[in-house]
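The values are calculated or read from the model by the stated rules, or taken from the named source; none is laboratory data. As the structure is a computational prediction, the values presented were derived from the model and not from experiment. Here Cβ is always computed from backbone atoms with ideal geometry, including for glycine, and neighbour counts include all displayed protein chains. In case anyone asks, the SASA skips ligands and DNA or RNA and just uses the protein heavy atoms, side chains included. Shrake-Rupley method; radii C 1.70, N 1.55, O 1.52, S 1.80 Å.
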Amino acid sequence: MRIVLVGPPGAGKGTQAQYLAKNLSIPHISTGDLFRSNISQGTALGRKAQEYTSSGRLVPDEVTIAMAKDRLEEADAAEGFLLDGFPRNLGQAEALDAYLRDKDVTLDGVLDLEVPEDEVVKRIAGRRLCRKDGAHVYHVSYNPPKTEGVCDVCGGELYQRDDDTEDKVRVRLEVYHSETEPIIDYYKAQDLVVTISALGTVDEVTRRAMEALGAAESV
Ligand code: ADP
Ligand code: ADP
């Protein structure tokens, strides 16, 4: 399956992607994780991205689209993928469509996670990530690790993202409304969107997502 996850920052995209990717046997591709890993390794791409990620603005399309395409070219994405955080504006959505058209494949669905803004702010304020693998996500109260400050999966140290502060979350939410939400209508016009509530426990949301994607697949 080829799926795109959309939803405001803090909706639970990364959290759900971990489970969905496993259930569906497809790779989880997060442009946010790719940028963070480039930044922590000090690559040229990371240096270009950092001023944008740390202020909550979108990294320019030419950098982002090239990085996403490179990742999609890797062998594990040939038969399917779960894109998390890409596309994030209309230019990126059009670039992805052109890329898929070239490969003669199409998206199977766009899963839209809906969550009220006050919940987003609470989720982001308590978010902690694993410094070692970057992909495992915790919350200090909603989804705490077994040992405080330590990743359950790989034992890495947990940290708080520098863009998970209230002022930057506000910028990211504005960017979401103005730049990312329009892609939902773009995909609705292609009849690809399934919207679910991202409220409830992580397991409840995963179950809802699997049902919705099952429905998307049978269309
Ligand atoms: P969140 O999980 O809070 O939605 P991400 O980890 O997806 O945030 O993204 C973190 C930051 O990385 C964004 O605020 C933005 O600066 C950058 N970024 C991630 N994906 C994209 C993208 N598709 N286009 C441009 N910038 C991106
Ligand atoms: P996104 O990738 O959309 O920015 P994350 O998956 O990183 O969102 O989740 C944001 C925060 O909310 C994390 O701290 C995560 O542990 C927590 N979280 C995710 N799903 C839920 C849920 N269903 N209920 C409560 N907290 C959640």
If we keep only residues of the range 127-155 that are surrounded by fewer than 17 Cβ atoms within 10 Å (Cβ to Cβ) and of a type in the set (Gly, Ala, Ser), then the residue farthest from Ile196 (Cα to Cα) is Gly155
Restricting attention to the range 4-29, the residues that are more than 9 Å from the chain's Cα centre (by Cα) and basic (Lys, Arg) number exactly 1
Flag for Thr106 being open to solvent by less than 50 Å² (accessible area, probe 1.4 Å), touching a residue at least 40 places away in the same chain (Cβ under 8 Å) and among the polar types (S, T, N, Q): no
Consider only pairs whose beta carbons are under 8 Å apart and that are at least six residues apart or on different chains; among these, list those whose first residue lies in the range 196-213 and is in contact (Cβ under 8 Å) with a residue 12 or more places away in the chain and whose second residue is open to solvent by 70 Å² or more (accessible area, probe 1.4 Å) and basic (Lys, Arg). Ile196/Arg208; Ser197/Arg208
Counted residues, the range 151-173 - those being more than 13 Å from ligand 2 (Cβ to nearest atom) and outside any strand (DSSP E or B): 10
Answer yes if at least one residue in the range 44-57 is crowded, with 17+ Cβ neighbours inside 10 Å and closer than 28 Å to Met210 by Cβ, and no otherwise. no
Give just the number: which of (1) surrounded by 13 or more Cβ atoms within 10 Å (Cβ to Cβ); (2) under 27 Å from Glu94 (Cα atoms); (3) over 16 Å from the mean Cα position of the chain (by Cα) does Val169 not satisfy? (3)
Selection from the range 172-182 of residues open to solvent by 50 Å² or more (accessible area, probe 1.4 Å) and within 12 Å of ligand 1 (Cβ to nearest atom) yields Glu174, Glu179
Among Val175, Val150, Val169, which is the only one that is touching a helix residue (DSSP H, G or I) at 6+ places or on another chain (Cβ under 6 Å) and within 26 Å of Gln41 (Cβ to Cβ)? Val169
Pairs under 6 Å by beta carbon, first residue over 12 Å from Gly134 (Cβ atoms) in the range 150-163, partner of a type in the set (A, V, I, L, M, F, W, C) and assigned to a loop (DSSP other than H, G, I, E, B), six or more apart or different chains? none
Can you work out which of the residues in the range 183-206 that are under 25 Å from Thr106 (Cα atoms) and in a loop (DSSP other than H, G, I, E, B) is least open to solvent (accessible area, probe 1.4 Å)? Leu192
Residues of the range 58-96 that turn out to be surrounded by 21 or more Cβ atoms within 10 Å (Cβ to Cβ) and acidic (Asp, Glu), as a count: 1
